[in-house]
Amino acid sequence: MIRKLLELLGLRKKSVPKPLQKVYRQAPKGKVVAKALYGYDMEFMYGRNDIKDPGQCPICHTSFKKVPNPDYKVQKKKGDVFCTYDGYMIVTEKFKTFCEINEYRYLKFIPLPKSPGYYYFEAEGIFRIDSTRRHFYFGKKQECCNQYDCIAIGGMLWKDKDFYLPTDDFIFQTDYWFGDHHNKSPLVIIGTKTAGKMKRYGLSGIYFDNVMG
Ligand SMILES: [Zn+2]
């Protein structure tokens, strides 16, 4: 009775059921289509600001090619994959054997003569990245070599939607080179199946980041 009175006076809200809220579905989020491969950090291949690196533009020192230093000595560390601070990926004999067993194609292993059993590693197949995503940052475009002095990404990597990925077992590298100046390098992208195989084979010191598509 009191409740009815309060409702009439407008002091108490009628307990009417809430109307069904319309739920707007978010645009479908992507799924994981590949993994970026990382390893432990390692010392510079050429030194912090070394201009002897032959893979740089001689004017602005932006890296356009990775040419390993034959005098480089690998620090003995646990693990099978390493990334130098200047963007060189180094792998062990075990990593190389894994790739040979699985018959991945278009991979380059350049021996480091001062460190037997270690190789500078590069994948020549290209994985195209979507650069129109938010958090993709381009630095200044150099006039001397027509390269961006820096490319960075603050979020997830996304596959270019027009890039058709025929398999989930591969080792490629990105079309874009990330980092700045002479530290720029491509990222190595592997298949989701490949990531599992690497773990099962017992490769250690390897880390993955999701690549969405
Ligand atoms: Zn340049």
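The values are calculated or read from the model by the stated rules, or taken from the named source; none is laboratory data. Keep in mind that what you see is a predicted model, and the values were worked out from it rather than measured. Neighbour counts are summed over all protein chains in view; Cβ atoms, including those assigned to glycine, are modelled from backbone coordinates with ideal geometry. Surface areas here come from the heavy atoms of the whole protein model, side chains and all, with no ligands, DNA or RNA. Shrake-Rupley method; radii C 1.70, N 1.55, O 1.52, S 1.80 Å.
Scanning the range 87-104 for residues that are out of contact with any strand residue (DSSP E or B) (no Cβ under 8 Å at 6 or more places or on another chain) and assigned to a loop (DSSP other than H, G, I, E, B), which turns out most open to solvent (accessible area, probe 1.4 Å)? Per the criteria, the residue is 103. Against the definition (surrounded by fewer than 18 Cβ atoms within 10 Å (Cβ to Cβ), of a type in the set (D, E, K, R), within 12 Å of the chain's Cα centre (by Cα) and more than 16 Å from the ligand (Cβ to nearest atom)), how does residue 175 come out, yes or no? Judged against the criteria, residue 175 is a match. Checked against (1) more than 16 Å from the ligand (Cβ to nearest atom); (2) crowded, with 16+ Cβ neighbours inside 10 Å; (3) modelled with pLDDT under 95, residue 56 meets all criteria but (1). On inspection, residue 207 qualifies as open to solvent by 40 Å² or more (accessible area, probe 1.4 Å), aromatic (Phe, Trp, Tyr), away from the ligand (no atom under 16 Å from the Cβ) and touching a residue at least 24 places away in the same chain (Cβ under 8 Å). Please indicate, with yes or no, whether at least one residue in the range 18-31 is more than 16 Å from the ligand (Cβ to nearest atom) and modelled with pLDDT of 90 or more. Yes, because at least one residue in the range 18-31 is more than 16 Å from the ligand (Cβ to nearest atom) and modelled with pLDDT of 90 or more.
Scanning the range 59-83 for residues that are open to solvent by less than 10 Å² (accessible area, probe 1.4 Å) and either under 15 Å from residue 180 (Cα atoms) or among the hydroxyl-bearing types (Ser, Thr, Tyr) (or both) gives 62, 63. Selection over the range 39-53 of residues that are of a type outside the set (A, V, I, L, M, F, W, C), surrounded by 13 or more Cβ atoms within 10 Å (Cβ to Cβ) and part of a strand (DSSP E or B) gives a count of 2.
Go through the range 132-172 and give me each residue that's acidic (Asp, Glu), open to solvent by less than 50 Å² (accessible area, probe 1.4 Å) and within 12 Å of the ligand (Cβ to nearest atom). Across the range 132-172, the qualifying residue is only 149.
Scanning the range 59-81 for residues that are within 13 Å of the ligand (Cβ to nearest atom) and either within 20 Å of residue 119 (Cα to Cα) or not polar (S, T, N, Q) (or both) returns 59, 60, 61, 63, 64, 65.
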